[in-house]
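Asks: Starting off with a structure, shown below.
Each value in this text was obtained by applying a stated rule to the coordinates, not by laboratory testing. For clarity, every value in this text was computed on a predicted model and none was experimentally measured. Virtual Cβ from ideal backbone geometry, glycine too; neighbours counted across all protein chains shown.
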Amino acid sequence: MTLLEVHGPATPIASAVSLTSTAADASLITEPASLVLFGITGDLARKKLVPAIYDLANRGLLPLAFDLVGFCRNPAGVLEQLRRDVEKYARTGFRAATWDDLVRRISLVPGQFDDPAAFTRLADHLTGLDTSNDKPGNYVFYLSVPPATFAGVCDQLAAAGLNRGSDGWRRVVVEKPFGHDHHSSTILNSALEGVFPASAIYRIDHYLGKETVQNILAFRFANGMFEPLWNNRHIDHVQITMAENIGVQGRAGYYDGVGAARDVIQNHLLQLVALIAMEEPVSLDAESISAEKTKVLSATELLGPFDHTAARGQYARLHDKDGFPADSVTETFAAMTVGVSTRRWAGVPFFIRTGKRLARRTTEIAVVFNPPAHGSGRAHLTPVSNVLTFRVQPDDGIALQIGAKSPGGGMDVREVSLDMNFRSVFDQAPEAYERLIHDVLRGDPTLFPRREEIEWAWRIIDPLLEHWGRSGRPDKYDAGSPGPVSADLMLARTGRSWRRL
Ligand code: BG6
């Protein structure tokens, strides 16, 4: 059953232009620009970024004068590899004509991050492209590189005079993880802001580029009936799950020492908490939305004691299967409890969990309402806790679990679901990276977390990371399971249980 359908033009969420409309829409057109991709041979660029740029080209959403410049150690074979990646990962289907057109706009500059001469070559190359394509010096520098190199690359860009320009704009995009803890993130932020103005820094959190995540605000603030219930009088708790069935998959170098909490809870999942818990922004611009998210994050803290309210795990055979050192204590599963100390949310626990090699892939937010206050009185109807679920992926949609009488004699109440599936209602959504890269080219920062949000998110999880740092090894769990037993106990202690994976 379709629970929600939007008829007519809904109020747009921020600048939420639809990438499925045509480029004839003036708001979609971007200025001529060059995008310099550091890390073009890395996993993320190959699987997500270059395919997303290709998809933008396929939809006619790249500027007419556009150049993609890859900065890499060794350009041999890179273009052929990218073509294979695009064939495999592009969402809009591979069209040789689009690729041929795009590849004419790709060039590679060989160099190392610590070589000033390479950055001078890059600057000359960009000027050459501007002259031959008659475009202003609008540059995006996309840092899809290890965080330890962010500051160094920015310094090199500054030394080559690439951070500021008289004839165009400069923007820098940084991938997560943004630091290792609160302290390192402030240092990194200051280093970046020493080189680029704050307004030119785009910190990527690809979850915010997902349509299903942007829809949380539309759901909450475009509809009237849920808002009066959206508080601690009616909501028992919130569960946020991001489960993956894949493992670390060749990313041991990055993942070891980072772990599940830093990899996804500090960023993606705390952003989901912020969107669920924030107040309505006064306007849908970047400033107002970020202000509300920041308020929530600053009121959010972990609930303890951690041995009872949190859990961490490591899947069995991480060492022999995924190349981790045998003594690695990096967690591949993390669960924690946070509270938001505002009048609206005081007393409502938010349970957050994520893990790799779990039973199935799913990301969802479940808002669990209180059952009827006095059971169902004399009617002897079995009370039900209504659950509103935002399914972020893979089966994107929104479901409301309710109690209904099952047919026949008596008054048997069964839990059933009113279910809306995005795919059956809307056109195919653009991939998150496609949306975000397009927004950077358009200069729209709405879907990018600001410095304050990132620093607050570290402040929230730091105490638990420190606690885990002092307390031995994560619990083991089997691949394909729902995670370690300690995670189940964590909820059982509160009289609740996790939604089934
Ligand atoms: C990334 C993490 O940010 O998100 C990965 O670094 C994770 O470890 C990925 O696999 C999951 O993204 P998605 O969009 O598939 O949920």
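Asks: Add -39500 (n - 2.57) for each DSSP H run of 4 or more in the chain, then divide by its residues: what number comes out at 222 nm, to the nearest 500 deg cm²/dmol?
Replies: -9500 deg cm²/dmol
Asks: What do you get for trypsin sites (Lys or Arg not before Pro) in the stretch 312-366 restricted to DSSP loop and a cutoff of at most 10 other Cβ within 10 Å of the site's Cβ?
Replies: Passing sites in the stretch 312-366 are ARG343.
Asks: Okay, moving on. What is the gain in length, in nm to one decimal, between SER341 and ARG473 on full extension, counting 0.36 nm per residue of separation less the C-alpha to C-alpha distance?
Replies: 44.4 nm
Asks: Ranked highest first by average number of other Cβ atoms within 10 Å, how do 64-70, 118-124 line up?
Replies: Descending packing order for the listed peptides: 64-70, 118-124.
Asks: State the answer as a single residue: which of GLY161, SER417, PHE141 lies farthest towards the positive end of the charge dipole of the chain, with beta carbon charges of +1 for Lys and Arg and -1 for Asp and Glu, about the Cα centre.
Replies: SER417
Asks: Let me ask something else about it. For the chain, state the semi-axes of the equivalent ellipsoid (square roots of 5 times the eigenvalues of the alpha-carbon gyration tensor), sorted largest first and rounded to whole angstrom.
Replies: 41, 27, 21
Asks: Using the Cα centre of the chain as the reference point, and only Cβ charges (+1 on K/R, -1 on D/E), how large is the resulting charge dipole? Debye, rounded to the nearest 20.
Replies: It comes to approximately 1140 debye.
Asks: How long is the stretch 344-420 along each principal axis, judged by its Cα atoms, biggest number first, in Å?
Replies: Largest first, the stretch 344-420 extends 45, 34, 22 Å along its Cα principal axes.
Asks: Using the alpha-carbon atoms, what tilt in degrees (0 to 90, nearest 10) does helix 78-89 show relative to the longest principal axis of the chain?
Replies: On a 0 to 90 degree scale, this one is about 30.
Asks: State the number of lysine pairs found in the chain whose Cα atoms come within less than 23 Å, restricting to pairs 8 or more positions apart or on distinct chains.
Replies: Counting lysine pairs in the chain gives 20.
Asks: Sticking with this structure for a sec: Just check the stretch 179-308 against the gyration tensor rule for me: Cα atoms, a ≥ b ≥ c as the square roots of the eigenvalues, rounded for a/c under 1.5, and otherwise prolate or oblate depending on whether a/b exceeds b/c.
Replies: In terms of gyration-tensor shape, oblate.
Asks: Still on this structure: Positive end of the charge dipole of the chain (Lys, Arg +1 and Asp, Glu -1 on Cβ, about the Cα centre): tell me which of PRO484, ALA65, ILE204 has its Cα farthest that way.
Replies: PRO484
Asks: Pairs of alpha-carbon atoms within less than 8 angstrom and 6+ residues apart define the contacts here; what relative contact order does the stretch 243-318 have, in percent?
Replies: About 18 percent, as a whole number.
Asks: Could you sort 405-412, 304-311 so that the peptide with the highest average Cβ count within 10 Å comes first and the rest follow in order?
Replies: Highest-to-lowest ranking by the protection proxy: 304-311, 405-412.
Asks: In percent, how large is the relative contact order of the chain, given Cα pairs closer than 8 Å and 6 or more residues apart?
Replies: Reported as a whole number, the value is 18 percent.
Asks: Once the mean 1/r over all distinct Cα pairs of the stretch 383-501 is inverted, what Kirkwood radius in angstroms do you read off?
Replies: 19.5 Å
Asks: What Kirkwood hydrodynamic radius do you get for the stretch 403-453 when you take the inverse of the mean 1/r over all pairs of distinct Cα atoms, in Å?
Replies: 15.5 Å
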